[in-house]
Amino acid sequence: MHRRASAWFGASFLLACIVSLGSGALVREHLRVGQSFWLISPIVYVVRDQHLRALVPFLTPTLTLVLWLPFAIAIVILIRNVRIGTPTLSALPEIVAGLFIGGGLANALEAQATGSVTDFLGIHGFGAYSAGDIAMDIASSLLPIAVIRIAQAQRQTFAHILQAGAVFYVAVVLFAVASQDYALAVLVTVVTGAGAATWRAKRMNSPQIPSR
């Protein structure tokens with residue numbers, strides 16, 4: 001299972017990074033800055049928007065690249081330690097980590113190489129996103145479910161599992177609001193709600209987790 005999980009991490013990392021860099025290059029080649037058209041009117045549109053926004057003003061592309069490596073290593077070590085204690089855990093934590101690290105690295109590499117990040121997929125009322133942003137948002141929205149899976153694999157109580165999922169759900173929502181990424185707040189709510197409902201239904205059919 002460890003090798004399979006590692007393979008999922010590598011695949012999700014490469015997919016997020018390569019697709020993000022490739023889509024940015026295609027958009028820059030075929031669209032002018034500011035050019036846009038509806039993909040699904042009036043909700044989803046394609047646009048070329050070049051930006052260099054950072055959560056922290058001093059976080060330049062170069063500094064982001066420098067910090068990204070130790071951050072990625074720390075995440076990989078953390079997941080490896082979790083997996084050692086829970087060998088039956090699914091590959092979801094590795095997939096989440098691969099998407100987040102790959103998407104973030106792609107954004108940093110693009111900003112370093114071109115001076116900006118290419119946003120191209122817009123949602124009416126929420127703004128436009130790069131492929132790296134999308135990968136990171138998908139990973140972030142799956143984080144509470146991944147934490148719940150880890151808690152389940154560790155045979156924690158029902159109450160502790162709910163608490164762990166709730167804490168990370170709130171953390172993701174707060175991060176989304178702080179970064180003005182309101183689409184992420186909506187996405188994590190939908191994903192967590194659907195995952196919790198599915199898990200609850202399965203638990204009612206075959207209860208396996210002690211409740212205290």
### Message
Residues that are surrounded by fewer than 22 Cβ atoms within 10 Å (Cβ to Cβ), free of Cβ contacts under 8 Å to residues at least 12 places away in the same chain and aliphatic (A, V, I, L, M): does segment 104-127 have at least one?
### Response
yes
### Query
R83 versus (1) basic (K, R); (2) over 29 Å from Q154 (Cα atoms); (3) crowded, with 17+ Cβ neighbours inside 10 Å: which is the lone unmet condition?
(2)
### Task
Just give me the residues in segment 10-32 being among the aliphatic types (A, V, I, L, M), surrounded by fewer than 17 Cβ atoms within 10 Å (Cβ to Cβ) and closer than 24 Å to P93 by Cβ, in sequence order.
A11, L14, L15, I18
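Can you confirm whether G122 is part of a strand (DSSP E or B) and small (G, A, S)?
Taking the combined requirement at face value, the residue satisfies it.
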### Query
Just wondering, is there one or more residues in segment 57-73 that are without any contact (Cβ under 8 Å) to a residue 24 or more places away in the chain, surrounded by fewer than 12 Cβ atoms within 10 Å (Cβ to Cβ), within 22 Å of A178 (Cα to Cα) and more than 15 Å from the chain's Cα centre (by Cα)?
yes
### Message
From the list A153, A183, A146, A201, exactly one residue is surrounded by 12 or more Cβ atoms within 10 Å (Cβ to Cβ) and over 21 Å from the mean Cα position of the chain (by Cα). Which is it?
### Response
A153
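The numbers here are math on the coordinates, done by the rules we state, and not lab data. Bear in mind that the values here come from a model prediction, so they are computed numbers and not experimental data. Ideal geometry is used to build each Cβ from the backbone, glycine not excepted, and the neighbour counts take in all protein chains shown.
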